[in-house]
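Read through the structure below, which is laid out as structure tokens, and then see the notes.
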Amino acid sequence: MSIQSKAASVTFENVTKIYGGSVVAVDDVSFVVEAGALVTLLGPSGCGKTTTLRMIAGLEMANKGRVLIGDENVTTLPATDRDVSMVFQSYALFPHMNVGENVAYGLDVSGMAKSESRDRAIEGLKLVGLNGYQERLPSELSGGQQQRVAVARALVLEPQVLLFDEPLSNLDAKLRRQVREEIRDIQRNLGLTAVYVTHDQEEALAVSDRIIVMNNAVIAQEGTPRELYEEPADIFVADFIGDANLVDAQLLSVSGDRADVQIAELSVSLPHRNLQPGSVNIAVRPESFILSTDTTTTGIAGTVDKCSYLGNHMEYSVTTNIGELFVVASDVVTTIQPKTGVKVTLANHGVTLVANT
Amino acid sequence: MDGFHHCGLLHDFVNTWGLDHTFTLKHYITAFSVSWGEEGLLWTGAAWDSFWTTISIATVSAPLTAAVGLLTAYILVRQTFAGKDLFEFGTMLSFAIPGTVIGVSYILAFNIPPIELTGTGAILVLCFVFRNMPVGVRAGVAAMSQLDKSLDEASLTLGANSWYTCRKVVLPLLRPAIIAALVYSFVRAMTAISAVIFLVSAEYDMATSYIIGRVENNDYGLAIAYSTVLIFVMLASVLVFQGLVGERKIGRREPEKTDTPAQNQAA
């Protein structure tokens with residue numbers, strides 16, 4: 001026997017959640033998570049992503065709107081009755097039960113025979129690579145192992161939707177990459193619908209099919225990782241996903257789907273993104289500025305303020321007349337020292353017009 | 001303090017303190033003699049009647065007190081409702097009221113219909129439950145506050161209802177608080193005097209009021225023999241409750257174990 005998938009879609013229709021009569025945690029939010037997809041809810045603290053996740057789980061009830069899992073309206077259904085499993089940030093393993101009992105908990109609740117639930121628990125532990133650990137107590141496991149037990153506990157129930165609430169926050173950086181790859185592999189192999197909450201945008205970009213960026217109780221933008229990184233809808237998204245240098249520019253003219261834009265001494269051609277001639281904002285990724293110590297070339301004049309070595313790239317802070325620029329360069333051999341004059345030009349990717357919100 | 005206790009214990013083993021200091025066990029025999037009659041064991045000692053009454057009342061009220069206290073603690077920690085702070089303050093009130101006041105007010109309240117409880121065992125149990133409940137509440141609140149709410153939520157999302165969660169997740173982790181509440185309420189029920197003195201009757205005489213009666217009649221030897229026995233009974237009860245409730249096993253990280261191949265592989 002193996003773990004099957006009963007993946008279902010998740011639909012939010014105009015959902016609002018208000019705490020204490022006045023604090024609007026989620027404001028008229030609508031989205032669809034397709035069956036079998038991993039969608040990440042991304043945003044800064046307090047944006048409403050965890051509340052949204054808890055409303056899918058049934059741990060919070062929406063004040064307005066509808067929540068559907070598959071075709072079923074679950075808006076008023078309590079957490080106990082929903083076919084949704086959750087992996088918590090603190091793992092939430094029962095400390096007085098051993099690993100085997102923890103993983104089999106959901107199965108025992110449903111009244112399954114002891115022997116069968118134990119067998120299924122072993123299947124779940126094999127999936128996360130912890131077979132043989134059944135007799136251990138959670139306090140005898142490392143953080144990464146505890147998290148994998150929590151994932152196994154959620155998986156063995158073969159839920160319609162699997163929820164992750166910042167599951168990697170308590171792990172160290174190296175372990176985070178490894179565990180997030182494992183979670184993604186399991187989700188893909190089993191074809192599970194997963195909704196993932198994190199504030200770490202690198203994590204979101206790495207594991208998601210789609211990302212929903214939330215800010216102040218509303219959705220700022222949703223799309224594939226590439227769409228969000230290369231075509232941010234507004235300044236907030238541009239700055240939240242990856243770093244972005246926001247500079248003023250002039251949109252001179254539009255023709256076809258391109259626009260001619262003037263940034264100080266530089267002229268570029270960019271997709272116009274429905275903007276009109278006039279004052280506009282440009283978001284430039286740090287890796288899309290090119291620094292040259294040859295001050296005779298055309299470019300924006302600047303002086304290097306700070307220079308940091310980060311092993312696989314250099315980080316520069318450059319003062320120019322269009323502002324303080326944050327530049328990342330992959331050349332770690334030929335570095336530019338502080339107080340050196342440079343000319344700044346643009347690469348042909350990672351530069352985009354951004355709507356003024 | 002030690003010398004005081006030693007002095008007290010010595011009392012039992014002498015004939016008449018201050019008068020005749022010959023060593024004797026006659027006070028214990030008067031209190032707790034047992035003999036064989038036609039229908040089996042006969043409790044012929046003077047103290048047995050009040051002793052069994054006290055034990056049974058204490059045994060009935062201890063679990064009730066612990067249950068009421070812990071249930072109240074659950075409500076205080078996990079639920080929010082209007083007037084919660086006032087309710088919490090109210091649960092502590094019965095601690096603050098002097099026992100005599102409680103005793104008298106119970107008589108006044110339960111002496112006439114519709115609820116007539118004076119002279120019954122029920123009034124004693126009721127008095128103990130509400131007098132000693134605050135300890136269960138405080139111990140429960142302290143223990144439950146340390147339980148991460150996500151444990152409850154994990155159990156709910158895995159399909160368990162509140163009762164199953166309480167039984168399988170919350171209560172096992174509350175064992176130390178349960179033991180504290182049980183032991184405290186049992187011992188307090190055995191040793192209470194200020195409220196009890198008003199609520200005892202011919203049928204339901206408690207050990208403490210019996211002892212006071214003996215002292216008033218200058219029968220110090222019997223009184224102290226009885227008190228000594230009560231001390232040992234209560235010590236034994238602590239062990240019994242610990243054995244019944246069991247210890248909470250959540251384990252501790254052990255220092256570095258030697259690597260085994262299985263651990264190496266899985267890590």
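Remarks
- Net charge dipole, the protein assembly as shown: roughly 680 debye, given to the nearest 20, about the Cα centre with Cβ charges of +1 for Lys and Arg and -1 for Asp and Glu.
- For segment A:234-357, the alpha carbon positions stretch 41, 33, 21 Å along the principal axes, listed from largest to smallest.
- Normalised alpha carbon radius of gyration of the protein assembly as shown [divisor 2.2 N^0.38 Å]: 1.42
- Cβ-based charge dipole, the protein assembly as shown, positive-most Cα from B:V233, B:L126, A:G129: B:V233
- Amide H contacts of A:M214: A:L42, A:G43, A:A220, each under 5 Å away and 5 or more positions distant or on a separate chain (H built 1.01 Å from N in the peptide plane; Pro and chain starts excluded).
- Neighbouring partner chain Cβ atoms per residue of B:144-154, average, 10 Å criterion: 5
- Shielding by partners, peptide A:92-99 (average Cβ within 10 angstrom, other chains): 6
- Backbone phi angles across segment A:293-301, fed through the Karplus curve with coefficients 6.51, -1.76 and 1.60 (θ = phi - 60°), yield HN-Hα couplings of 7, 7, 6, 8, 6, 6, x, 7, 6 Hz in residue order; Gly and Pro are listed as x.
- Prolate/oblate/rounded label for segment A:78-172 (Cα gyration tensor, a/c 1.5): oblate
- Value at 222 nm in deg cm²/dmol, rounded to 500, when DSSP H runs of n ≥ 4 in the protein assembly as shown each add -39,500 (n - 2.57): -13000 deg cm²/dmol
- Environment charge at A:H313 (Cβ cut-off 11 Å; Lys +1, Arg +1, Asp -1, Glu -1): -3
- Ignoring lysines fewer than eight residues from B:K249 along the same chain, the ones with Cα atoms less than 28 angstrom from its Cα are A:K114, A:K126, B:K149, B:K168, B:K257.
- Sequence-distant aspartates and glutamates (8 or more away, or on other chains) whose Cα lies within less than 19 Å of B:K26: B:D12, B:D49, B:D219
- Degrees, to the nearest 10: A:143-155 long Cα axis against longest axis of chain A: 60 degrees
- Size of charge dipole - segment A:230-276 - debye, nearest 20, with Cβ of Lys, Arg +1 and Asp, Glu -1, no other charges: 180 debye
- Ranking of A:H199, A:H272 by count of other Cβ atoms within 10 Å, fewest first: A:H199, A:H272
- Going from the fewest other Cβ atoms within 10 Å to the most, the residues A:C307, A:C47 appear in the order A:C307, A:C47.
- Segment B:138-220, relative contact order in percent, only Cα pairs under 8 angstrom and at least six apart counted: 25 percent
- Average Cα contact separation per residue, chain A, under 8 Å, 6 or more apart, as relative contact order %: 16 percent
All of the numbers you see were taken from the coordinates with simple rules; none came from a lab. Since the model is a prediction, treat every value here as computed from it, not as a measurement. We place every Cβ from the backbone using ideal geometry, glycine too, and count neighbours over all the protein chains shown.
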